[in-house]
Amino acid sequence: MRIDVVTLFPDFVRQCAAVGVVGRAQQRELLQVETWNPRDYTSDRHRTVDASSYGGGPGMVMLIEPLRAALAAIRDAAPEPVHVMYLSPQGARLTQGRVAALAKLPRIGLLCGRYEGVDERLLAREVDEEVSIGDYVLSGGELAAAVVIDAVGRLQRGALNDAQSAEQDSFSDGLLDCPHYAKPVHDALGSVPEVLLSGDHAAIARWRLKQSLGRTWLRRPDLLSKRALDTSSRALLDEFRREHAPPGQARPNETVDD
Ligand code: 4G4
């Protein structure tokens, strides 16, 4: 797939996309990341991309015209429609499910805001989707764009090796990932759980699912309530809960029936 990024900081976005799994995906031509600087689409001597906000108050707004021209250049160079996304704190939250759907598109455009954001008329006319990577404010959309590029780039077929396979990631099945261990088996910090050394693949898979269920219950109960557990997962989670809080030893802040 190809990702076109409209940004005042093209070098930063390119550098973010050049490292690790995603950088390798670009080298393997599974992913192409291109940047477009709105300053290159200005016509005044100062290459102006922003102006003060009507209604007053502090802060500048990104102008329609340089962004419209940059997006037109992207669309003119594309043989197929480009799904244009605007990264902003006002967007719908990005999830792994949404990432997986985006990863199947041939082409996405990412619009990075600076200052107080982009003139609303450009957004209404040129943007297909407004997305937020989380409930916090960044000084620009570039880091959010880098997050989208990374999350989507690593899902391109051939980007991950078997060991890194996407199926075992947190969220790929709506649960958090299980704990992981490597050598040494015994360390001053503790020992590796015995089942992982047993060679019993069924027992290991069962332990891992149980840990995933238990951690999700402990750390992200919101994820569990969205997902109907089948009978065997329910039984595994009950087992985890019994081991985690022996009867009559409920800890503070934890209700008995939840
Ligand atoms: C649009 C409007 C995304 C973009 C205002 C972008 C957080 C996220 C920006 C701004 C962003 C996010 C400068 C506040 C750029 N911050 N949560 N900043 N600001 O996805």
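Side notes on the structure shown:
- If the chain linking A18 and S139 were pulled fully straight, counting 0.36 nm for each residue of separation and taking away their Cα-Cα distance, it would gain 41.4 nm.
- Largest-first ellipsoid semi-axes for region 85-165, taking √(5λ) over the Cα gyration tensor eigenvalues, angstrom: 25, 14, 10
- Long-range amide H partners of W36 with built H, under 5 Å: V5, V6, T7
- Per residue, the Cα convex hull of region 69-220 amounts to 157 Å³.
- Given the chain, longest segment not containing exposed loop GluC sites (Glu not before Pro) (DSSP; at most 15 other Cβ within 10 Å): 117-253
- With the whole protein complex present, H186 retains an accessible surface near 140 Å², based on a 1.4 Å probe.
- Local electrostatic count, L87, Cβ distance below 9 Å [Lys/Arg +1, Asp/Glu -1]: -2
- Electrostatic tally near A228: other residues with Cβ closer than 14 Å to its Cβ, Lys and Arg +1, Asp and Glu -1, net +1.
- Note on the chain: Rg/Rh from Cα positions, Kirkwood definition for Rh, rounded to two decimals, is 1.09.
- Taking the helices alone, the chain has a mean residue ellipticity at 222 nm of -10500 deg cm²/dmol, built from -39,500 (n - 2.57) per DSSP H run of at least 4 residues and averaged over all its residues.
- Percent of Cα-Cα distances greater than 20 Å, calculated over region 146-212: 44 percent
- Sulfur and carbon atoms: percent of accessible area, the chain [1.4 Å]: 51 percent
- Looking at region 56-109, the accessible area is 48 square angstrom per residue; that uses a 1.4 Å probe and ignores ligands, DNA and RNA.
- Comparing region 11-152 with the 2.2 N^0.38 Å rule of thumb, its C-alpha radius of gyration ratio is 1.06 (two decimals).
- Principal-axis tilt of helix 201-219 within the chain, Cα atoms, nearest 10 degrees: 60 degrees
- Taken along its three principal axes, the alpha carbon spread of region 1-88 comes to 48, 28, 26 Å, from the longest extent down to the shortest.
- Summing Cβ point charges (Lys, Arg +1; Asp, Glu -1) relative to the Cα centre of the chain gives a dipole of roughly 280 debye.
- Taking chymotrypsin sites (Phe, Trp or Tyr not before Pro) across region 12-103, the ones in a DSSP loop with at most 11 further Cβ atoms lying within 10 angstrom of their Cβ are Y54.
- Trypsin sites (Lys or Arg not before Pro) restricted to DSSP loop in region 27-107 with at most 15 other C-beta within 10 Å: R28, R45, R47, K104
- Given charges at Cβ of Lys, Arg, Asp, Glu: the chain dipole, positive-most of L123, H186, I74: H186
The values are calculated or read from the model by the stated rules, or taken from the named source; none is laboratory data. None of the values given here were measured: they were computed from a predicted structure. Backbone-built Cβ (ideal geometry, glycine too); neighbour counts: all protein chains shown. To get the accessible areas, we keep the full protein, side chains included, count just its heavy atoms, and leave off ligands, DNA and RNA. Shrake-Rupley method; radii C 1.70, N 1.55, O 1.52, S 1.80 Å.
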